1. Which peptide among 134-147, 247-260, 309-322 comes first, and what is the full order, when sorted by highest mean count of other Cβ atoms within 10 Å?
2. In vacuo Debye scattering of the range 573-705, one point per C-alpha: log10 I(q)/I(0) at q = 0.20, 0.22 Å⁻¹?
3. Show me 821-831, 683-693, 364-374 ranked by packing, highest mean number of other Cβ atoms within 10 Å first.
4. Can you tell me the dipole magnitude for the chain around its Cα centre, using point charges on the Cβ only (Lys, Arg +1; Asp, Glu -1), in Debye to the nearest 20?
5. Dipole of the range 442-524 (Lys/Arg Cβ +1, Asp/Glu Cβ -1, origin at the Cα centre): which of 485, 496, 465 lies farthest to the positive side?
6. If one computes P(r) from the Cα atoms of the range 466-560, what percent of pairs lie at distances over 21 Å?
7. Tell me the Kirkwood hydrodynamic radius of the range 560-614 in angstroms, computed as one over the mean inverse distance between distinct C-alpha pairs.
8. If you find the alpha carbon centre of the range 711-726 and of the range 361-385, how far apart are they in angstrom?
Amino acid sequence: MEWYQQTIDEVYAHLKSSAAGLSTKDAEERKARNGANSLSAQVTEPWYKVLASQFTDFMIWVLVAAAVVSWWLGDQLDAIVILGIVVVDAIVGFIQEFQAEKAMDAIRSMAAPLCRVLRDGTWTECPEENLVVGDFVRFEAGDVIPADVRITEGFQIQIEEAALSGESVAVMKSSGVLHAHKLALADRTNMAFKGTAVSNGSGRGVVVETGMRTELGKIAGLLEKQERVQTPLQMRLADFGRRLAIAILVICAIVFVFGLIRAEDPLVMFLTAISLAVAAIPEALPAVVTIALSLSAKTMVRRKALIRSLPAVETLGSISVICTDKTGTLTQQRMTLRSVVCADTEFTADEFQEQLESAQPRSAAEMLMRSLALSNDVTINADGQLLGESTEQAFVRATMQWGRNPEALRAQFQRVHSLSFDSVRMRMSTVHDAGDDTWVLLCKGAPESVLSVCTYDDSGELMSSDSRERYLEQCRRLATKGMRVLAFAYRRLAANHASDAIVEEDLHYLGCVGCIDPPRAEVTDAVERCRSAHIRPVMITGDHPATAEAIAKEIGIIRSPRDRVLSFSELESMSDAELSEQAETIAVYARVSPEQKLRIVKALQSRGVFVAMTGDGVNDAPALKAANIGVAMGINGTEVSKEAAAMILLDDNFATIVNAVEEGRRVYDNIRKFIRYILTSNSGEIWTIFLAPFFGLPIPLLPVHILWINLVTDGLPGLALALEPADEHIMQRPPRPAGEHFFANGLGLHVAWVGLLLGLTPLMTQAVAISVHDDHWQSMVFTVLCLSQMGHVVAVRSETESVWHIGFFSNPALVGAIALTIVLQLATLYVPFLQAIFHTQGLSAMELLISLALSCVVFAAVETEKWFRRSSAHRATTP
């Protein structure tokens, strides 16, 4: 049996303890046997090993080799740039791994430093780590529970468990036995859990679990075992690097061998092959990726999303399921009075205000309004803020919205007595001086409880059993809409009753009200944007299934009978295979435990989808870490959840996640544009060198030409692609498939044919110039190859839209980079000392004009390709 299923005597017998506590000797023996009441520290790698592990990636070694070769060829600047990129990339990775350990540190910080424990018959304070199973402890409002405790007695004790269970309101605790099996944490009302906070009342209990065996310790254990998932970008880049390195080595070897077959100078061919290898490696790729992610991270901060791990930016673009918490993320995290049932009529809050305007002073409507304003423990501070229980705050706010002044009403009807709420009566009553030597008792609570002490209905007539059942049905109807329902009643008394003579009986029923934490105004549109982007939103909450279902229907997460709601017990009875099989039809998971959240994430991932998981509590941390991207709440989130997540919402708003997804898709698009551009450019350089011998032409370029083109074209123009604005239809297309590589959707074909065209154009220039005995043919080839890439970078800004449609100047950074590259290229032709370095000659006006015209061939070809694509797409969608 679980501890909550055992009687107090059974717990004492099992633990060999009692309400008199333990002796100091017994406690020390138990601590020596079972260990301290603390969360175990995970053994971590030394910092230098973590740093060294950053240099194990294959692409990193390829870049290091490229830097060494560049230095050997005399291009020290290129070598320094490459090594700088490698070092920065390693530092970023090291910092991210180092920060990951903070999640466990944050959990450990939740321990209470001191606790009150009964030892040797005397109450004393001791460090919480010295607490052992069987200790008898006490706690009161403001205390942090030091271990898992079976409550033996309590006085109006309420505990905030949102961080652990996801329950949005404080849980009322009692000592009674719970007989149900496999209860969710939020329903174990006779237990207090380590790390949760007492918000009201006081209690005592016996420690039943300590350290890593507590519910908090179990979460810490899950967090320790869970490795952070590698991002899609990291996986794609690793695969891309391996494939590219192999291809480059093969091509360079072929170039070298063919040169030897043609009796070229072996040293020249070796240097040419090495130069091609350096040119073919996109050493700017890590820099472009880092810059693109960094710039997007800054953009996302302005849009209320803080990125803790740069690769997470791009991961958002791959997300196909968003598992979101309800309270505070989808909802306002502020209970609001939504419905009022009075005089057998259901009103909205606004409709009830109209009813009040015509109500008589002693009517049921007026008395119900006074009950809402007076029968609560809410206080109003100097700033006008309401302090107190969230549902009672909703009552006071409603009366204020109806034009009433709660403080004025309290002054007019001063409280003289009160009967506090408890978990047995399930109701609360306050007694107020109504003047004329009369008092009025105002009662509120659970409908069944309040109606059980009512003798009269809302019209003042004796209540019949049919009326009582009708009132209960009205309350049930509000409850099925996900509302928290309270009933109200009153009774007039003669003044100056003794407090022990005030009883809750013969009350007049007034009606009931329904409160709910309503959805944020922008959430419904955000959910619809998810749908249009082929992203499925799923709600995972610790709240009651009925409440979760009502909110899910209202905002569009549940839209058809196929969308199911799964509760704790149903989920507990399912195997992992069954959960994975049925995950596509489940829209809401309610009353879930931390282990179940982790199961849900892994079940969805087993179907090959990328999962974003939101959360704010300690209970969310393992699932946040396991998800493809964990999203923590910045306002109401715990430090544990923030440390386990890759992204933090600064406004705790679901709509912000959708905005972040759009930014993630833009980042990936821009990285893909760079890869399209850089591979095409590099393959054009390779084709130029490789094909020249087949046409009977001399080697068209020197190694210094290749390195220069590689430097000026891969640099600023490539980096400027990271600043491209998002495609206008970016949120109407589905997420990228999990296994999609960079060459998907025609990128490989584009690289092949455009790269070939990019190589043939300068070769045609070379052939014609040689045929007319133009001695400047090499400078022309050099210029055409360089400037053709500028035309290509303009064309690849969109895979389908014309550059004229997206706006030639919509990316000012790219325009500036192209202008600078052209100026630098012309400088190599016309500046004397650069002519000596690059072995170039100044071109005549006609030669330059011809070179510029030929440089536009690739641009025109790619724009024509896009025109055919648009035409084909239009024909496919036209009836």
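The values are calculated or read from the model by the stated rules, or taken from the named source; none is laboratory data. Computed from a prediction, not measured in an experiment: that's the story for all the values here. A quick note on method: Cβ atoms are made from the backbone with ideal geometry, for glycine too, and the neighbour counts reach across all protein chains shown. In case anyone asks, the SASA skips ligands and DNA or RNA and just uses the protein heavy atoms, side chains included. Shrake-Rupley method; radii C 1.70, N 1.55, O 1.52, S 1.80 Å.
1. Working: 134-147: 21.4, 247-260: 16.4, 309-322: 25.8.
The densest-packed peptide leads the list: 309-322, 134-147, 247-260.
2. Computed log10 I(q)/I(0) values: -1.16, -1.26.
3. Working: 821-831: 17.3, 683-693: 22.0, 364-374: 23.7.
Packing proxy ranking, top to bottom: 364-374, 683-693, 821-831.
4. Working: 77 positive and 101 negative charges, 289 e Å.
The calculation lands at about 1380 debye.
5. 485
6. Values: 2401 of 4465 pairs.
Distances greater than 21 Å cover 54 percent of the Cα pairs.
7. Numbers: mean 1/r = 0.0880 Å⁻¹.
Kirkwood hydrodynamic radius for the range 560-614: 11.4 Å.
8. 63 Å
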